[in-house]
1. Taking B:Gln42 in one copy and the same position in all the others, each labelled 7 Å out along Cα→Cβ, what are the pairwise distances from the first, in nm, shortest first?
2. Can you list the residues in the stretch B:138-169 whose accessible area drops by at least 20 Å² when all protein chains are present, compared with the chain alone? Use a 1.4 Å probe, heavy atoms only.
3. Which whole-number percentage describes the relative contact order of the stretch B:23-90, with Cα contacts under 8 Å and a sequence gap of 6 or more?
4. Would you give the gap between the C-alpha center of the stretch A:126-176 and the C-alpha center of the stretch B:46-84, rounded to a whole Å?
5. Average partner chain C-beta neighbours within 10 Å, per residue of A:76-87?
6. One decimal, nm, shortest first: give the distances between the label point of B:Gly78 and those of the same position in the other copies, each label point 7 Å from Cα along Cα→Cβ.
7. With the full set of protein chains in place, find how many percent of the accessible area of the protein assembly as shown is carbon and sulfur; take the probe as 1.4 Å.
8. Could you put A:His125, A:His15 in order of accessible surface area, largest first, with the 1.4 Å probe and the full protein assembly present?
Protein chains: 2
Amino acid sequence: MNVLVIGANGQVGQHVIDQLKDRNHKTTAMVRKQEQVDKMKQLGADEVIVADLEGDFSKAFQGQEAVIFTAGSGGATGADKTLTVDLWGAIKSFKYAEHAAVKQFVQLSSIGAGDPDAQPDKIKHYMVAKAVSDQMLMTTALNYTIVRPGPLTNDPATGLIAKAETFTDVGDRSISRADVATVLIESLTNEAVRRQAFEILEGDKQLADALSES
Amino acid sequence: MNVLVIGANGQVGQHVIDQLKDRNHKTTAMVRKQEQVDKMKQLGADEVIVADLEGDFSKAFQGQEAVIFTAGSGGATGADKTLTVDLWGAIKSFKYAEHAAVKQFVQLSSIGAGDPDAQPDKIKHYMVAKAVSDQMLMTTALNYTIVRPGPLTNDPATGLIAKAETFTDVGDRSISRADVATVLIESLTNEAVRRQAFEILEGDKQLADALSES
């Protein structure tokens, strides 16, 4: 498939680009800055598009069959960017994807997005943005998969996860960005996760098997 | 009708409470602070409920037939509150209203909410919150009316407005909060504005006639 990765220069995004080079897909990395282009090519992107989530980036969707949305404004900017990038950038992506007849839309969300009111004050506004983005995606006709990982680490990939609609007790469990990237990529082709939102943590199930369980 | 006014202590909200006392409705004012209760009673509210948009305020919807949502976090707080109050508070209201079988939901929005990307950087994030709130309301089964006024003034009511789906040129036109409040109240009972979003400015048409035009 022709796969567009939005937020390709992000921490999870880079794992996605890296892992996609060993798969049978044509990868287009969307990044914000010209200076990020070479890095994307070195990581294995077939194409790189420079575009800004705060503007019109519809051109990136031409000819794409699938989208992996991993973009976020990050912790260094204010909540205004959470609105214009994380939320509005995602919603514009849904519209562009519908218009381009994209077949699969895989969105990176977060484990708190199912219930923002239960989150600590400090991150509640961010969880609202993720929750509303997820809810807006669910109202589209897109064939979506919404992946909500727990706390992220830079540990190496294990290929093992736990999956649940909602974990009742996360405890001190986390999940590596590398494993999250694999879940995003597997979701492109796994029919069991169509129009589903689910949480993932480190675990003891083979990743593909865990995704195939309903 | 039993009408719940959310954000009753806001600048437009106070006009709504004041004007509703001369109508054939039972008005419940929802405010955030206990110290605002007396003011609401003096303005003419039949009932006052103290509740927080950042928490669970479902109790306010019991027995209500209509809702006027005029709440906003205002300019004194950050964009995090734009997410948790303006956006998430509104979305929770839609859910509570659906659950309580509310018949009419009238939402105060803003003239920029139809196209956030066309707004100046300084207010774009706010317009995103209003736009997404409006879009989420449109996906519900509620009988909604979304009112998008231009720049607001404290001028006295004129009873005269201009209405359009989208004004191509706002120019230097504004609209008084008092006239906006009348539009919100008229929208409760005017069948012509059911499941509609529209912009309003000062103008030369009788307010009720302007609303009745499709």
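1. Once sorted, the set of distances for B:Gln42 reads 6.8 nm.
2. B:Thr139
3. On the way: 57 pairs, mean separation 17.7, N = 68.
Relative contact order comes out at 26 percent.
4. With the stretch A:126-176 and the stretch B:46-84 each reduced to a Cα centre, they are spaced 29 Å.
5. Values: counts 0, 0, 4, 8, 13, 2, 6, 15, 11, 2, 1, 7.
Mean partner shielding for this stretch: 6.
6. 0.9
7. Numbers: 8300 of 18360 Å².
Roughly 45 percent, rounded to a whole number.
8. On the way: A:His125 35, A:His15 60 Å².
Putting A:His125, A:His15 in descending order of accessible area: A:His15, A:His125.
The values are calculated or read from the model by the stated rules, or taken from the named source; none is laboratory data. All values reported here derive from a predicted model rather than from experimental measurement. Please note: Cβ atoms are built from the backbone with ideal geometry, for glycine as well, and neighbour counts cover all protein chains shown. Accessible surface is based on the protein model in full, side chains and every heavy atom, while ligands, DNA and RNA are left aside. Shrake-Rupley method; radii C 1.70, N 1.55, O 1.52, S 1.80 Å.
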